[in-house]
Amino acid sequence: MPLGDGGRDLPYPSMRTWFSACLVSVVSLLTGCATSYDVKLDSLAKPDANAISYSLRNATATDGGDSLRYQEAANHVRTALSGRGLYEAPPNVTPDVIVSIDYGVTSFTRSEKVVKGYTGTRLPPEARVASDGTLIAPEFPKPEYETITVTVYEKYLHLTAKENVAAKGDDVAADVWRVNVTSEGESRDVRKHLPLLAAASIEYVGKDSRGEKSIRIKDTDADVVFVKKGMPNPDAQLVKVIPIN
């Protein structure tokens with residue numbers, strides 16, 4: 001039976017998966033095997049959010065301010081903020097805002113409907129390719145489905161910029177802007193996702209996203225490469241500047 005619509009659904013799900021895998025393989029060869037990630041982002045900002053200088057603060061309770069993981073996260077954030085024209089205030093300069101960095105991973109479970117007993121994308125042994133290139137497979141029984149529970153890990157990066165009340169003599173620090181970025185999936189590797197989350201935040205620092213945005217980002221995107229490269233030293237010149245409107 002030639003594969004195709006044929007007026008009915010294909011009963012063996014691995015056929016469609018096989019075609020999808022072949023297409024992904026071809027696209028990967030053409031694009032340099034870039035990996036895409038789905039990211040959710042939400043940001044808020046005051047109308048006059050024009051702060052330029054900042055100092056960083058670790059808001060992650062389980063991570064010390066001098067830990068290697070925090071230092072790595074802080075460098076990603078510094079680089080991302082430099083892409084918006086912001087700079088970290090040196091010791092002799094009073095910063096406009098204090099930027100808190102909160103990052104980590106949480107988990108939750110959800111139910112998914114899958115083909116019962118199906119674990120791969122390999123073609124059945126009875127399948128063959130005709131002389132004209134058409135994939136032919138025998139009839140298969142209609143697949144059975146089952147509901148399974150899967151664990152999903154949400155990697156997050158929360159950046160909150162508050163007024164430097166010490167410089168004004170005030171007691172209450174108001175939020176100037178904030179950006180929350182998350183990515184869900186089977187991986188719980190926060191370190192791998194931090195540069196992606198930081199890169200996704202660049203366009204939204206000091207801006208109001210007007211609700212949650214869903215975006216797709218690739219590990220070969222210019223912003224991701226920019227963040228991964230990092231700031232070479234504290235006195236590095238800005239190499240990418242997007243003025244805050």
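The values are calculated or read from the model by the stated rules, or taken from the named source; none is laboratory data. Source: prediction; values computed, not measured. All Cβ positions, even for glycine, are placed from backbone atoms using ideal geometry, and neighbour counts span all protein chains on display.
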**Message:** Residues that are at pLDDT 95 or above and closer than 22 Å to Lys162 by Cα: does the range 25-40 have at least one?
**Reply:** no
**Request:** List every residue pair whose Cβ atoms lie under 6 Å apart, where the two residues are 6 or more positions apart in sequence or sit on different chains, the first residue falls within the range 205-217 and is closer than 24 Å to Val97 by Cβ, and the second residue, located anywhere, is part of a strand (DSSP E or B) and acidic (Asp, Glu).
**Result:** Ser209/Asp42; Glu212/Asp42
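Okay, residues lined up against (1) in a helix (DSSP H, G or I); (2) without any contact (Cβ under 8 Å) to a residue 12 or more places away in the chain; (3) surrounded by fewer than 19 Cβ atoms within 10 Å (Cβ to Cβ):
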{"site": "Arg57", "(1), (2), (3)": "no, no, yes"}
{"site": "Thr79", "(1), (2), (3)": "yes, no, no"}
{"site": "Pro91", "(1), (2), (3)": "no, yes, yes"}
{"site": "Pro95", "(1), (2), (3)": "no, no, no"}
{"site": "Ser100", "(1), (2), (3)": "no, no, yes"}
{"site": "Thr106", "(1), (2), (3)": "no, no, yes"}
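Out of the residues in the range 131-180 that are acidic (Asp, Glu) and farther than 26 Å from Ala74 by Cα, state the one that is modelled with the highest pLDDT.
Filtering the range 131-180 for residues acidic (Asp, Glu) gives 132, 139, 144, 146, 154, 163, 170-171, 175.
From what's left, farther than 26 Å from Ala74 by Cα: 132, 139, 144, 146, 170-171.
Working: Asp132: 79, Glu139: 61, Glu144: 79, Glu146: 84, Asp170: 64, Asp171: 69.
Filtering the range 131-180 for residues that are acidic (Asp, Glu) and farther than 26 Å from Ala74 by Cα, the one modelled with the highest pLDDT comes out as Glu146.
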**Among (1) loosely packed, with under 10 Cβ neighbours inside 10 Å; (2) on the phi < 0 side of the Ramachandran plot; (3) modelled with pLDDT under 75 - the single one Gly117 does not satisfy** = (2)
**Complete:** Note on Asn75: of the conditions (1) part of a helix (DSSP H, G or I); (2) over 18 Å from Ile202 (Cβ atoms); (3) at pLDDT 75 or above, unmet is (2)
**Fill in**
Taking first residues from the range 181-194 that are buried (at least 18 other Cβ atoms within 10 Å of the Cβ) and second residues anywhere that are of a type in the set (Ser, Thr, Tyr) and part of a helix (DSSP H, G or I), the pairs with Cβ under 9 Å that are 6 or more apart or on different chains are Val181/Ser201; Val181/Tyr204
